[in-house]
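Participant: Mind having a look at this structure? Questions to follow.
The values are calculated or read from the model by the stated rules, or taken from the named source; none is laboratory data. Keep in mind that what you see is a predicted model, and the values were worked out from it rather than measured. Every residue, glycine among them, receives a Cβ derived from its backbone with ideal geometry; neighbour counts consider all protein chains shown. The area values use the complete protein model at the heavy-atom level, side chains included, leaving out ligands, DNA and RNA. Shrake-Rupley method; radii C 1.70, N 1.55, O 1.52, S 1.80 Å.
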Amino acid sequence: MTPTLEITNLKLHFPGHGAPIRAVDDVSFSIAPGETLGLVGESGCGKTTVANATVGLLAPTAGSVRVLGTELAGADATTLRAIRARAQMVFQDPVTSLNPRMTIGTAIGEPLLVRKVARGAELRDRVAALLEEVGLRPDHANRYPHQFSGGQRQRIVIARALALRPALLVCDEPVSALDVSVRAQILNLLVELQARHAMSTLFVSHDLAVVRHVCDRVAVMYLGRLAEVAPRDALYAEPRHPYTRALLAAVPEPDPAVQRAKPRVPLSGEIPSPANPPSGCRFHTRCPLATDICRNAVPELRQVGESQVACHLA
Amino acid sequence: MSNAQPALVVENLSLAIGPAVVVDNIGFEVAPGEVLALVGESGCGKSLTAQAIMRLLPPAIRQQAGRIRLGAEDITALPERRMQAIRGRRLSMIFQEPQAALDPLTSIGSQIAEALRQPLAEARPAVRRMLEEVGISDPDRRIAQRPFELSGGMCQRVMIACALISRPAVLIADEPTTALDVTIQAQILDLLRRLAIERQTAVVLITHDMGVVADIADRVCVMYAGRIAESGPAADIFAAPLHPYTALLLASIPRLSDVPKSALAVIEGRVPQPSEYGPGCRFANRCPRVMPRCTAETPKLEARAAGHQVACFAA
Ligand SMILES: Nc1ncnc2c1ncn2[C@@H]1O[C@H](COP(=O)(O)OP(=O)(O)OP(=O)(O)O)[C@@H](O)[C@H]1O
Ligand SMILES: Nc1ncnc2c1ncn2[C@@H]1O[C@H](COP(=O)(O)OP(=O)(O)OP(=O)(O)O)[C@@H](O)[C@H]1O
Ligand SMILES: [Mg+2]
Ligand SMILES: [Mg+2]
């Protein structure tokens, strides 16, 4: 079956002062129909850059991005437009994602109207159905964004993203800006939608517990490259990359009995700059296991058990 | 630990913005070497409480009631001149955005020395030792660097160095790790805990993250909409939460141990704004155990077990 998303040797470099910023450097992964892939990693590792390339908001420096088999790299405007209907994005901040002067009914219906999918009474019905689908009431359609809470606004953004029945939903930190007591509402909604529509999802987050909760497979990024890609249960039960292990050990569990019994996996040093990444394995400057080969040779992703790992020592 | 005289006592603190009481009758104490977490969602009044303790409230906020004691001394009404001698010496604070709190043009060495009110030339050995204590390697080189030359995690270590070099009795840490990555957060929390114990500093740690609380707190005050919903030893709050809000909040957080994709507990609705605060319990409109009494009367914070208090008619 054609993967919903197939990214191959993707590079995204930004001009910097002097050396270019190698935000994404040779990343490959795919997402099968109906599958949810989590993309995790620390601030600045390139998650948002990958997400933006996936929906055609950024043109790759090199490599390929295929959505449902269609190449985005170098595609003409018509192809891009067609693909964008199939791959929809939900951003972190529901406040800035909505136009304050547009009723939410208009905002949700806009993609349907612009692409001439529905109008008039049919459009109203479709908008009402979308509102119900995300747990809002059809009569909310005439209200403006400021009349809703953060969690409700994120529901509205999700409803708009669902309007064209996309094959791929790209969510960039969809709950990070929400109140803690509201996050579960949105996470439950995303899990329900996955089950109902068999949609593929790229779920970007820095929160490993959230990713475990909603994803089938997980890709761990470090400084523009993939460290490990594995099915969820394999990744959490048996993390194979030293970086994955350190990240997992650093997640504070909301249970003192568990959290205080956990062995610490201290990482020395700080994340280096993507303008001047370390030689060899980019993680070697912080890795407790690093040896000479790690400093000299770039590890490729290779299969170890169920996982793909980019580590000479795994 | 609980037998020692508390390093900090906050009693019946109430803060208002116009007619809205945004911090309502809050009280707690912290012993030397103890970490007390003040946990709650955005807008529940955590930072205002911290600012009231520091006596640095913005002009729009009125302190309606409350006493603050530092050791044996009541500092509630001290003149600003006396407070200035206390701040940074006996009572220190660190913030969420370390880069913003540090002076961008001054070397970090001079900034740490300034916390001792000494020129760097004189304080250099002490500054060097403090940098080592907060885990900054190569202190001789770092002393001369300015904040923009350091990462966020390192700036937070510098802030901690500034705050602790004068050996204050109390440290208020307002979301000290929220802007940091998890691997750096773990380092900073370890550092705070170690220094609190070694130096017998009383720490008030403000956070919205129950994971951070579980990691570092000895005791916890759970705040909701300007009030304390529940307070007690960290182990008890997590193992047997008494307030429906605490229980639901804990059940709504995905954990590494839960069943993936299982339904998380949901708290319906949203956190109220201060303008919406009405009579009765402020959680009543979202509470699954609400009773008629809850919307009419305000529940008092009452002890249910040793040191474990809750403000709920149903608990
Ligand atoms: N338009 C741009 N111009 C220059 N550099 C950029 C640009 N966008 C991103 N970067 C840099 O590329 C790197 C990756 O950024 P990206 O936003 O993808 O990270 P992220 O993993 O999403 O981080 P976060 O968790 O903080 O959102 C960072 O070093 C960032 O500073
Ligand atoms: N200077 C101010 N003027 C007016 N209202 C304020 C001011 N500072 C805070 N508030 C209001 O007081 C309430 C409590 O604010 P506070 O900053 O203490 O919340 P918090 O618990 O620290 O939240 P967060 O987690 O977002 O930092 C909020 O409703 C806030 O909007
Ligand atoms: Mg991002
Ligand atoms: Mg605050």
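Participant: Which percentage, to the nearest 5, of the DSSP beta bridges contained in the protein assembly as shown is antiparallel?
Facilitator: If I count the DSSP bridges inside the protein assembly as shown, around 60 percent turn out antiparallel.
Participant: What are the residues of the range B:211-231 that lose 50 Å² or more of accessible area, with a 1.4 Å probe, going from their chain alone to all protein chains?
Facilitator: Hits at the 50 Å² cut-off: B:214, B:215.
Participant: Using alpha carbons only, how many angstrom separate the centre of the range B:136-203 from the centre of the range B:209-258?
Facilitator: After rounding, the separation between the Cα centres reads 25 Å.
Participant: I would also like to ask the following. Any idea what the relative contact order of chain A is, in percent, if you count C-alpha pairs under 8 Å spaced at least 6 apart?
Facilitator: Once normalised by length, the contact order is 20 percent.
Participant: What part of the accessible area of chain B, given as a whole %, is carbon or sulfur when the probe is 1.4 angstrom?
Facilitator: Numbers: 6820 of 12910 Å².
Of the solvent-accessible surface of chain B, carbon and sulfur hold 53 percent.
Participant: Now a separate question. Taking chain A as the reference, fit the longest principal axis to its C-alpha atoms, fit the long axis of helix A:104-114 to the helix C-alpha atoms, and give the angle between the two in degrees, 0 to 90, nearest 10.
Facilitator: That works out to roughly 90 degrees.
Participant: Placing +1 at every Lys and Arg Cβ and -1 at every Asp and Glu Cβ, with all other atoms neutral, what dipole size does the protein assembly as shown have around its Cα centre, in debye to the nearest 20?
Facilitator: 700
Participant: Okay, next question. Using 0.36 nm per residue, how much length does the chain from residue B:198 to residue B:305 gain when fully extended, once their Cα-Cα distance is taken away?
Facilitator: Details: separation 107, 0.36 × 107 = 38.52 nm, distance 2.99 nm.
Result for the pair: 35.5 nm of gain on full extension.
Participant: Round to the nearest 10 and report in Å² the accessible area of residue B:236, as given by a 1.4 Å probe over the protein chains' heavy atoms.
Facilitator: 60
Participant: Another one. Over all Cα pairs of the range A:241-314, how is the pair count split among 10 Å bins, expressed in % and running from 0 up to the last occupied bin?
Facilitator: Final binned percentages: 18, 42, 29, 11, 0.
Participant: Now a separate question. Using a 1.4 Å probe on the protein heavy atoms, what percent of the accessible area of chain A belongs to carbon and sulfur? Numbers along the way, then the final one.
Facilitator: Values: 6670 of 12870 Å².
Ligands and nucleic acids excluded, carbon and sulfur reach 52 percent.
Participant: May I pose another question? I'd like the orientation of helix B:120-133 relative to chain B: the angle between its Cα long axis and the longest Cα principal axis, in ° from 0 to 90, rounded to 10.
Facilitator: Helix B:120-133 sits roughly 50 degrees off the main axis of chain B.
Participant: To continue, here is another question. Based on DSSP H runs of at least 4 residues, each adding -39500 (n - 2.57), what is the mean residue ellipticity at 222 nm of chain A after dividing by all its residues, to the nearest 500 deg cm²/dmol?
Facilitator: Rounded to the nearest 500, the figure is -10000 deg cm²/dmol.
Participant: Where does the charge balance sit around residue A:172 when Lys and Arg score +1, Asp and Glu -1, over other residues with C-beta under 12 Å from its C-beta?
Facilitator: -1
Participant: Am I reading the B/A interface right? What is its buried accessible area, both sides, 1.4 Å probe, to the nearest 100 Å²?
Facilitator: Using a 1.4 Å probe, the pair buries roughly 3600 Å².
Participant: Pick from A:244, A:70, A:291 the residue whose mean-square fluctuation is largest in a GNM of chain A, springs joining Cα atoms under 10 Å.
Facilitator: In this elastic network of chain A, the residue with the biggest mean-square fluctuation among A:244, A:70, A:291 is A:291.
Participant: What does chain A give for Rg and for Dmax, in Å, if only its C-alpha atoms count?
Facilitator: Rg and Dmax of chain A, Cα atoms, are 20.4, 68 Å.
Participant: For residue B:172, what residues show an amide H to amide H distance below 5 Å, using hydrogens built from the backbone and excluding near sequence neighbours?
Facilitator: B:92, B:93, B:94, B:204
Participant: Which order do A:116, A:262, A:11 take when ranked by solvent-accessible area (1.4 Å probe, heavy atoms of all protein chains), largest first?
Facilitator: A:116, A:11, A:262
Participant: I want to verify the translational diffusion coefficient of the range B:162-279 in µm²/s; compute it with Stokes-Einstein, Rh as the Kirkwood radius over Cα pairs, at 10 °C and 1.306 mPa s.
Facilitator: Answer from the Stokes-Einstein relation: 97 µm²/s.
Participant: Can I ask one more? Return one whole number: the accessible area per residue of the protein assembly as shown in Å², for a 1.4 Å probe. Could the numbers behind the result be given before it?
Facilitator: Numbers: 25780 Å² over 629 residues.
Per residue, the protein assembly as shown has an accessible area of 41 Å².
Participant: With runs of 4+ DSSP H residues as the only contributors, calculate the mean residue ellipticity of chain B at 222 nm using -39,500 (n - 2.57) per run, divided by the residue total and rounded to the nearest 500.
Facilitator: -9000 deg cm²/dmol
Participant: Still on this structure: Rule-of-thumb check for the range B:5-146: C-alpha Rg over 2.2 N^0.38 Å?
Facilitator: Relative to the 2.2 N^0.38 Å estimate, the range B:5-146 comes out at 1.22.
Participant: How much of residue B:114 can a 1.4 Å solvent probe reach, expressed as accessible area in Å² and rounded to 10?
Facilitator: Rounded to the nearest 10, the figure is 120 Å².
Participant: Could you tell me what % of all Cα pairs in the protein assembly as shown have separations over 33 Å?
Facilitator: Counting every Cα pair in the protein assembly as shown, those more than 33 Å apart make up 51 percent.
Participant: Which value in nm describes the separation of the simple spin-label points at residue B:178 and residue A:116, placed 7 Å from the Cα toward the beta carbon?
Facilitator: Computed distance between label sites residue B:178 and residue A:116 equals 4.9 nm.
Participant: Here is a further query. I want the local charge near residue A:241. Using Cβ-Cβ distances under 14 Å, sum +1 for each Lys or Arg and -1 for each Asp or Glu among the other residues.
Facilitator: +1
Participant: Would you mind checking which residues have amide H under 5 Å from residue B:224's amide H? H placed 1.01 Å from N; only 5 or more apart, or other chain.
Facilitator: B:229
Participant: Additional query: Once amide H atoms are built 1.01 Å from N in the peptide plane, which residues 5 or more positions from residue A:218, or in another chain, come under 5 Å H to H?
Facilitator: When sequence neighbours closer than 5 places are left aside, the close amide H contacts are A:38, A:230, A:232.
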